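Q: Have a look at this one.
The values are calculated or read from the model by the stated rules, or taken from the named source; none is laboratory data. Since the model is a prediction, treat every value here as computed from it, not as a measurement. All Cβ positions, glycine included, derive from the backbone under ideal geometry; neighbour counts span all protein chains shown. For the accessible areas, the whole protein counts, side chains as well, though only heavy atoms, and no ligand, DNA or RNA atoms are used. Shrake-Rupley method; radii C 1.70, N 1.55, O 1.52, S 1.80 Å.
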Amino acid sequence: MPQVASFGSWSSPITAERVAGAAVRLERVQTTDAAVWWSESRPDEGGRSQILRRSASGEVAELLPEGFSARSAVHEYGGAGWWLAGETVFFVNATDQRIWRLDPGFPPAPVTPEPVTRRGRRFADGVLTADLRWIICVEEAHPGEASVPAAATEPVNRLVAVPAIGGEPVVLRDRADFVASPRLDARGELLAWIEWSHPDMPWDSTELWVGRWDAAVPRLAGSVRVAGGADESVMQPEWDADHRLWFCSDRSDWSNLYHFPNAGPPSGEPLSVSPANHDIAVPMWQLGVSRYAFLGDDRVVFAASSDGVDHLRVHDPISGRTDHVSVPFTAIGEVRAAASSAVVIASSFTAEPAIAGVLVGRGGASAAPRALRAPRELGLSSAMISVGQPITFPTDGAATAHGLYYAPTNPEFVGQAGERPPLIVTVHGGPTGMAAAELNLRTQLWTSRGYAVVDVNIRGSSGFGRRYRNELRGGWGVSDVADCIAAARFLIESGRADPERVLIRGGSAGGFTMLAALASSEVFTAGCGLYAVTDLEALARDMHKFESRYTDRLIAPYPEGAAVYRERSPLSRVASIDAPVILFHGTDDPVVPPAQASEMIAALAARGVPHAHVVFPGEGHGFRRRENIVRCLEAELSFYAQVLGFAPPEGVEPVRVVRGPGDQPS
């Protein structure tokens, strides 16, 4: 019989150690005729990214020797840090950002020259030419490196051709601020890529270009823009077996598939493929993400997001028919293909991310997915898992916003009669991101203890069309805050949350929204921020190149709009914050400098606002090391217990909450 106990005080088998143990992150998957390959980030190995190969017979081998980690730092967020040429792996090593070559039976060998400064030349998103002599990829050269003047104020991003046996890269294209997704056709003659420039982000406006690859020089000849431009985001160009160019575009509001009708150099208007109110492409925070792929019989299989949940679909270009593929997934991160099967990184509300093979039959028929890299066995009863429920709720005026609601769930406990649970409002980063519809043990850590959780897809989130994403333009720090307040009130009014116990948490941009919400409303009891933005003006002055003009769209052009930046910055609004705050930050964060947290903590301390500050040496923007993931979660558990008046969870090291100027930690 369940024990009666106050919501939020329940004991749970889901500990911080258990969460960290399940925190291996699947990053990228590739397929060849002989194997499936993937990379995964491992907290137990200091966040190292290992590449693995699964043969047709099911044997799995780890490829990178000790001391190597496959992770690019282009744009700081990286992505597409390794690629294949048959059984040869080319990868970007995390510590030096050089390209390395790994041939079967040999140790890794460097391909690109050693940079002048550590990680001064970075590479990503490579493709081998047909003769295997060249790698065409993205290079990010920082000031003082590879013809970039030392006095330059930002790196140069460009397309380069790198000799596959090693040598100095040759510049192919450097006319825009950013380039991505170089893709060669099957003949090895035509190269497609996308590019964009400040102040656009890749989900604002990009251009799709095609040029003829001339290996003799090497160079790109006759480059022309074939799609994209102002207020159109083009993503993931790919060539099919008939040498036609495909891509994703949000020109209709929703990100749908298109292809040119002719083989070879694209001409004419691209054809829309199965248009629908769903988003196929996702924001390009990382390079190389694939959301569609071609099966061996020329059908195209793709992931599409609607109502905050992903679906798998297949389109037959001959019949023009599109079918739903029945799979038990609600979040799909990558889509590749092998013969008649889709190979996906996917998860659901009841299963963590896994790599699965899905045989795609006619009419979308499919057998049960075959686990190629199964999720970790959690040893938890399904009765312990809180399943997410998509919700839509009213916010400012006639606007609506979205979220995923998780009810308190633990078969060993029930709440006290008439009691409502405390609510944790979670805000994703970006803010051009999306709450993933997947099992996240961090969420279950709270729901299994009697908390309700809502992941808010604020206006500006991806997955709901371009117009919804653009609703945050000029409104960051206002519209997103209103949506979080509206989500809390919606759940309070429907009887699913205690109005006296509402917490809010977020990381990066979500941390900014958290602090802005505390300064704007008395709805929230306390807040938690991970690598949170606190000073918008300092962020605009010091931001890395990729995001250096991001806030032009979200707030106002800078410095012309400096007054708006100061007005919306939580650091300028500390006088309006009375709720307790805990902040976590890494000392090596290249995206949000650690001073953003320390200055906010000093301002809170000066006012006597209860606060805690946990700093992790050596961590960047997102915590990768197991011990730090554990400490972060346990400190947050302890903080909420102290704020809400619960007994501290058993075995959890308490965090010191400083309650006034004279109450300094020892």
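Q: Shape call for the stretch 532-666 from the C-alpha gyration tensor, a ≥ b ≥ c root eigenvalues: rounded (a/c under 1.5), prolate (a/b greater than b/c) or oblate? Write down the numbers at each step before the final one.
A: Details: a/c = 2.56, a/b = 1.52, b/c = 1.68.
Oblate, because a/c is 1.5 or more while a/b does not exceed b/c.
Q: Turning to a different aspect of this structure: Evaluate the Debye formula for the stretch 66-221 with equal point scatterers sitting on the alpha carbons, no solvent, and hand back log10 of I(q)/I(0) at q = 0.20 Å⁻¹, in q order, two decimals.
A: -1.35
Q: Also, I was wondering about something else. Can you list, bin by bin at 20 Å, the percent of alpha carbon pairs in the chain, starting at 0?
A: 18, 54, 26, 2
Q: Can you list the trypsin sites (Lys or Arg not before Pro) in the stretch 138-196 that are in a DSSP coil and have 10 or fewer other beta carbons within 10 angstrom? Before the final figure, lay out each step's value.
A: On the way: sites: Arg158, Arg173, Arg175, Arg183, Arg187; in loops: Arg175, Arg187.
Qualifying residues, ordered by number: none.
Q: How much of the DSSP bridge set in the chain is antiparallel, in percent, rounded to the nearest 5? Show your work: numbers first, answer last.
A: Values: 122 of 149 bridges.
Within the chain, antiparallel bridges account for around 80 percent of the total.
Q: Could you calculate the FRET efficiency of Ala150 with Ala367 from 1/(1 + (r/R0)^6), where r is the beta carbon distance between them and R0 is 45 Å, rounded to 0.05?
A: On the way: r = 59 Å, r/R0 = 1.30.
With R0 = 45 Å, the Cβ-Cβ based efficiency is 0.15.
Q: Hey, another quick one. If you wrap the stretch 339-460's Cα atoms in a convex hull and average its projection over all directions, what's the area in nm²? Write out the running numbers ahead of the final one.
A: Values: hull surface 44.0 nm².
Its average projected convex-hull area is 11.0 nm².
Q: To the nearest 10 degrees, how steeply does helix 595-607 sit against the main Cα axis of the chain, on a 0 to 90 scale?
A: 10 degrees
Q: Per 0.36 nm of contour for each residue apart, how much would the distance between Ala56 and Glu653 grow if the chain were fully extended, relative to their Cα-Cα spacing? Display every interim value, and only then the final one.
A: Values: separation 597, 0.36 × 597 = 214.92 nm, distance 4.65 nm.
Taking Ala56 through Glu653 to full extension adds about 210.3 nm, to one decimal.
Q: Given the Cα atoms of the stretch 167-283, and with Rh set as the inverse mean 1/r over their pairs in the Kirkwood sense, what is Rg to Rh to two decimals?
A: On the way: Rg = 14.2 Å, Rh = 14.6 Å.
Here Rg/Rh amounts to 0.97.
Q: Then there is this: As I understand it, the value is the acute angle between the Cα axis of helix 479-493 and the longest principal axis of the Cα atoms of the chain; what does it come to in degrees, rounded to 10?
A: The helix 479-493 is inclined about 50 degrees to the chain.
Q: Another question, if that's okay. Could you compute the FRET efficiency for Ile165 and Arg219, with r as their C-beta to C-beta distance and R0 at 22 Å, rounded to 0.05? Before the final figure, lay out the partial values.
A: Values: r = 19 Å, r/R0 = 0.88.
With R0 = 22 Å, the Cβ-Cβ based efficiency is 0.70.
Q: Related question: Give the range of the longest stretch in the chain that excludes all GluC sites (Glu not before Pro) found in loop regions by DSSP and having at most 16 other beta-carbon atoms within 10 Å. Mind dumping the intermediate values first?
A: Values: sites that count: Glu59, Glu66, Glu87, Glu189, Glu377, Glu412, Glu419, Glu500, Glu522, Glu560, Glu650.
Formally, the longest exposed-site-free interval is 190-376.
Q: Give me the net charge for the shell around Ser348: Cβ to Cβ below 10 angstrom, other residues only, Lys and Arg +1, Asp and Glu -1.
A: Working: positive: none; negative: Asp310, Glu352, Glu438.
Result for the neighbourhood of Ser348: -3.
Q: Rg and Dmax in Å for the stretch 391-434, alpha carbons only: what are they?
A: 14.8, 42
Q: Rounded to whole Å and sorted largest first, list the principal axis extents of the Cα atoms in the stretch 1-69.
A: 56, 28, 17
Q: Now for a separate question. How much length is gained if the chain between Val387 and Ala575 is pulled fully straight, taking 0.36 nm per residue apart and subtracting their Cα-Cα distance, in nm to one decimal? Before the final figure, lay out the partial values.
A: On the way: separation 188, 0.36 × 188 = 67.68 nm, distance 3.87 nm.
Gain on extension, Val387 to Ala575, equals 63.8 nm.
Q: Return an integer: the convex hull volume of the alpha-carbon atoms of the stretch 306-398, in Å³ per residue. Mind showing how you got there, number by number?
A: Values: hull volume 13.2 nm³, N = 93.
Taking only Cα atoms, the stretch 306-398 has a hull volume of 142 Å³ per residue.
Q: So what's the back-of-envelope 222 nm ellipticity for the chain, counting only DSSP H runs of four-plus at -39500 (n - 2.57) apiece and dividing by all residues, rounded to 500?
A: Working: 10 runs with 96 residues, N = 666.
One gets -4000 deg cm²/dmol as the mean residue ellipticity at 222 nm.
Q: Send over the per residue convex hull volume for the stretch 286-348, Cα only, as a whole number of Å³. Let's see the in-between values first.
A: Details: hull volume 5.8 nm³, N = 63.
In the stretch 286-348, the Cα hull volume divided by residue count equals 91 Å³.
Q: Counting only the backbone N, which residues of the stretch 259-291 are under 16 Å from the spot 7 Å out from the Cα of His544 toward its beta-carbon?
A: 284-288
Q: How big is the equivalent ellipsoid of the stretch 1-159 along its three axes, where each semi-axis is √(5λ) from the Cα gyration tensor, reported in whole Å from largest to smallest? Present the calculation step by step, with values, prior to reporting the outcome.
A: Values: eigenvalues 260, 112, 32 Å².
They are 36, 24, 13 Å, listed largest first.
Q: Using 0.36 nm per residue of separation minus the Cα-Cα distance, give me the extension gain between Val478 and Ser319 in nm, one decimal. Don't skip to the end; give the middle numbers.
A: Working: separation 159, 0.36 × 159 = 57.24 nm, distance 4.73 nm.
Stretched out fully, the Val478 to Ser319 stretch lengthens by 52.5 nm.
Q: While we're looking at this one, here's another question. To check my understanding: the extent here is largest minus smallest coordinate of the Cα atoms along each principal axis. What are those three numbers for the stretch 486-581, in Å, largest first?
A: Per principal axis, max minus min of the Cα coordinates gives 44, 26, 21 Å.
Q: While we're here: Looking only at Cα atoms, what is the convex hull volume of the stretch 118-163 per residue, in Å³? The partial results should precede the final answer.
A: Values: hull volume 3.0 nm³, N = 46.
Once divided by residue count, the hull of the stretch 118-163 is 66 Å³.
Q: Same structure again: Roughly to the nearest percent, how much of the accessible area of the stretch 265-397 is carbon and sulfur, given a 1.4 Å probe?
A: Numbers: 2960 of 5470 Å².
It is 54 percent, rounded to a whole number.
Q: Something else about it: Assuming R0 = 56 Å, what is the FRET efficiency of Asp174 and Met1, from their Cβ-Cβ distance, to the nearest 0.05? Don't skip to the answer; put the middle values down first.
A: Numbers: r = 70 Å, r/R0 = 1.24.
My answer for the efficiency is 0.20.
Q: While we're here: Counting only heavy atoms of the protein chains, get the accessible area per residue of the stretch 35-102 (1.4 Å probe) and round it to a whole Å² value.
A: On the way: 2150 Å² over 68 residues.
Averaged over the residues of the stretch 35-102, the accessible area is 32 Å².
Q: Along its three principal axes, how long is the stretch 418-475 when you only count alpha carbons? Whole Å, largest extent first please.
A: 40, 25, 15
Q: Rounded to two decimals, what is Rg over Rh for the stretch 481-532 when you use alpha-carbon atoms and the Kirkwood radius?
A: Numbers: Rg = 10.6 Å, Rh = 10.9 Å.
When Rh is taken as the Kirkwood radius, the ratio is 0.97.
Q: Using alpha carbons only, what's the Rg to Rh ratio of the stretch 163-233 with Rh from Kirkwood? Let's see the in-between values first.
A: Details: Rg = 13.2 Å, Rh = 13.1 Å.
A ratio of 1.01.
Q: For the residue pair Leu359 and Ala34, what label-to-label distance in nm results when each label sits 7 Å from Cα along the Cα-to-beta-carbon direction?
A: In this crude label model, Leu359 to Ala34 measures out at 2.5 nm.
Q: Same structure again: Out of the total accessible area of the stretch 92-178 (probe 1.4 Å, heavy atoms of protein only), what percent is carbon and sulfur?
A: Details: 2060 of 3720 Å².
Percent of accessible area from carbon and sulfur atoms in the stretch 92-178: 56.
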